[in-house]
Structures are given as structure tokens and as C-alpha cells.
Amino acid sequence: MVTSDSSVTHDTPAWADRAAARSRSVQRSRIRSIEQAQTIVAAARRLLETEGSGFTTQQLSKEAGIALQTFYRHFASKDQLLLAVFEDFLIEASARLAEAAKELPDPVSRLRFYISSALHSLDGAQGAAPKFVTAEHWRLYQLFPTEMAGANQSFADLIEQELRNANQQNLLHSADPAADAWLATKLVMSVYHHYAFAPSPADTGDFGERLWSFCLAAFGGHLPER
């Protein structure tokens, strides 16, 4: 979510944009800007743990060790910063799931892991993240629908890829992997949002398995006989 200080207009020839992109000074400036933006987002994440999302931009500038005008060079508003934090949380969560599942033997096992693990971060290990994600989700969605849809897509992409793999191996029978992945993601999100504030089930692992069983049936699969 780094804004650009470039004064190049949309009428600039494409070759000029390419030449500017190759400029070392432009590249160094972009790297510095990205590093500053990451520092600001990291400071916001620390404040979420102590202040919740109600922290002020003055608190943020102090926590990040930057001037207030530096913050506004990178983020037009606090809501844009919260959007960046939200994207960070969701993309990191999807990356952790993908890394943890890469050694599993088949696409159905990976799907089961992705879906049944959805509630694990509600056990407190992820700090303020679950409540922040739930409290801010739809408010930010109204303000930034395209960006929020993109952030949520990172989990749906994991599901869709494994559904396609499972179809190819004749392990599942999803008629429309993209649509099924979207629906499964919305179901997982709904359960996650519910338990972010409601009392968590006594055994999140067991509830995760029930969630997986529901999705497995929708994907045209069957639980193994006991």
C-alpha cells in the first residue's frame, strides 16, 4: 500500500516509464519508501496489541519513530493503514498455511489442513489479530472493496488450487473449483468471525474437523469409513 510520489501523468509514453523504472535513483527511492511503509505497518501492528484499532496517528508516529507528515506521505488516512495491516494479516496467514501443508501427501490432505486449521488462531496465540480482522472486516470492505476482495482471495486461491489438483487425480469432484473455493472461504470466514468474539468451542480442533466434513461433502468427497 505504498503511494507513489511520481509526477508522471498517464500521457507519459510507455518507454519513458520503462526508462524511469530502470533508473537506479528511482529504484533506491522506491526501496526506501517501501521500507518506511513497512516500518509504519509494523508499528501499527504493535499498537493493535496494546491499544486496539483506536490508536491515534500521533501515537503511531511516535511508535514508528517518524514525523506525522512522513506517515501521510505513505498513507492518505488511518483507514488506508488499517487496510495494509489487514492485508498483512491475511497474506501472512495464507503463507503460513501453505508452508505448513507442503509436505502433506495429497491435495485432499492439504485441503483438510487449510480448512480445519482455520480456527487455530482463535486460541490466543495470534494476539489481537482475530478480533481486529473481525471488527474491521466489513467496515474496510465498504471503503476498499477491491483491495479487501484481493486480500481475502489469498486463502481462496489455496483452496482452489488443491481442488483442481484433487479433480485431476479423481480424488474429489468439484464442478467449479473457483466457485467452490469462494464459497468455502466465505464459510470459513463466517465461522472465524463468529468465534473471534463469541466463546470458542471447547475443542477448536474437533470443530475444525466438523467444518472440514461439511466442505468435503460439498466438494464431492466422502469421509473414510471407520
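Laid out as a table, the results:
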item: Qualifying positions in the range 45-56 - in contact with an Asp or Glu (Cβ under 9 Å, 6 or more places away or on another chain) and closer than 15 Å to Ser77 by Cβ; result: Ser53, Phe55
item: Residues within the range 164-187 that are crowded, with 18+ Cβ neighbours inside 10 Å and touching an Asp or Glu at 6+ places or on another chain (Cβ under 6 Å), tallied; result: 3
item: Any hit, the range 57-78, residues being touching a residue at least 12 places away in the same chain (Cβ under 8 Å), assigned to a helix (DSSP H, G or I), in contact with an Asp or Glu (Cβ under 7 Å, 6 or more places away or on another chain) and closer than 17 Å to Glu136 by Cα; result: no
item: Residue in the range 132-163 that is least open to solvent (accessible area, probe 1.4 Å), counting only those that are of a type in the set (D, E, K, R) and free of Cβ contacts under 8 Å to residues at least 40 places away in the same chain; result: Glu160
item: Which listed residue is within 23 Å of Ser29 (Cα to Cα) and open to solvent by 70 Å² or more (accessible area, probe 1.4 Å), from Gln80, Gln69, Gln58; result: Gln69
item: Restricting the range 188-212 to residues that are among the polar types (S, T, N, Q) and surrounded by 15 or more Cβ atoms within 10 Å (Cβ to Cβ), the residue that is modelled with the highest pLDDT; result: Ser200
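The values are calculated or read from the model by the stated rules, or taken from the named source; none is laboratory data. Just so it is clear, the model here is predicted, and its values are computed rather than measured. Backbone-built Cβ (ideal geometry, glycine too); neighbour counts: all protein chains shown. Heavy atoms of the whole protein, side chains included, go into the accessibility calculation; ligands, DNA and RNA do not. Shrake-Rupley method; radii C 1.70, N 1.55, O 1.52, S 1.80 Å.
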